[in-house]
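The values are calculated or read from the model by the stated rules, or taken from the named source; none is laboratory data. Source: prediction; values computed, not measured. Here the Cβ positions follow ideal geometry from the backbone for every residue, glycine too, while neighbour counts run over all protein chains shown.
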Amino acid sequence: MGLEFMPIFEGWAVDYDEEVNGANPEYQEVFANYWQILDEITAHSGQSVLEFGSGTGNLTEKLVAAGKTVYPVEPSPEMRDMAAKKDALQATSFFAGDMENFPLPPEPVDTIVSNLVFHHLTAEEKQKVLKEYNQILPIGGEIIFGDTMFLSQTVYDTYLRTEKEAGRQNLADDLEREYYPVIGELDQYFQKSGFQTTYRQMNRFVWIVYAEKIMEAE
Ligand SMILES: C[S@@+](CC[C@H](N)C(=O)[O-])C[C@H]1O[C@@H](n2cnc3c(N)ncnc32)[C@H](O)[C@@H]1O
């Protein structure tokens, strides 16, 4: 699994960049501080970066502009096409793949990044891939993921109710359909996979998790 939501991205690719800038009122809070989130992930990334779910290439573009070597992996051909059209990304290759099945970069990477992607994986899939990412990264290497996550089940329940009451039904459906984690559980996955974490909240929904590899996974 992990790719069960791909039909959503077929149609979304063309409008995606307008939505990150607030064009869809239902998703304005999810995309609040979007560019700041990308800047933050870029600023904390090392020199050689594996990026998952590169979408229309917005984070890729920031990483390239910062002089980093980037290996963007994206399962949606429509999203890859949108990214490949951007002037600043003409020298960048976008690889077909996803968080579970992807071509290994041709050189060692020190950072693995993604933004608004990890929630497509179930709890089981998340735990499996974190062990694999541990094997790819050196000690001191880092995973930096921006994504919607919740401080507790109670916070999730409250937000879901709020979205329904506000009539933001698409967002509410999304929250119920995909695999948005509670931070305490997510943190256990990272710790069991040999990572030490810190978190920063970037808007009402989105946090960044910084996870440094401190030991080999068991
Ligand atoms: C909300 S968009 C985020 C795009 C980009 N990272 C950004 O910050 O604008 C989610 C992206 O993840 C991709 N995606 C969906 N499932 C995935 C998976 N299992 N592995 C990797 N990427 C996935 C989608 O095709 C889409 O491009």
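Data table
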{"quantity": "Residue list for the range 37-58, filter: of a type outside the set (Gly, Ala, Ser), more than 7 Å from the ligand (Cβ to nearest atom) and not in a strand (DSSP E or B)", "calculated": "Ile37, Asp39, Glu40, Ile41, Thr42, His44, Gln47"}
{"quantity": "Criterion (of a type outside the set (Lys, Arg), loosely packed, with under 14 Cβ neighbours inside 10 Å, within 9 Å of the ligand (Cβ to nearest atom) and at pLDDT 95 or above) met by exactly one of Asn115, Asn101", "calculated": "Asn101"}
{"quantity": "The range 36-58, residues that are within 24 Å of Pro75 (Cβ to Cβ) and not polar (S, T, N, Q)", "calculated": "Ile37, Leu38, Ile41, Val49, Leu50, Glu51, Phe52, Gly53, Gly55, Gly57"}
{"quantity": "Qualifying residue in the range 19-27 (condition: of a type outside the set (Phe, Trp, Tyr) and within 24 Å of Tyr210 (Cβ to Cβ))", "calculated": "yes"}
{"quantity": "Selection within the range 87-108 - under 17 Å from the mean Cα position of the chain (by Cα) and among the aliphatic types (A, V, I, L, M)", "calculated": "Ala96, Met99"}
{"quantity": "Residues of the range 84-96 classified as over 20 Å from Glu4 (Cα atoms) and touching a strand residue (DSSP E or B) at 6+ places or on another chain (Cβ under 7 Å), total", "calculated": "2"}
{"quantity": "Hits in the range 29-59 (condition: under 14 Å from Leu116 (Cα atoms), free of Cβ contacts under 8 Å to residues at least 60 places away in the same chain and surrounded by fewer than 17 Cβ atoms within 10 Å (Cβ to Cβ))", "calculated": "Trp35"}
{"quantity": "The range 1-36: number of residues that are in contact with a strand residue (DSSP E or B) (Cβ under 9 Å, 6 or more places away or on another chain) and within 8 Å of the ligand (Cβ to nearest atom)", "calculated": "1"}
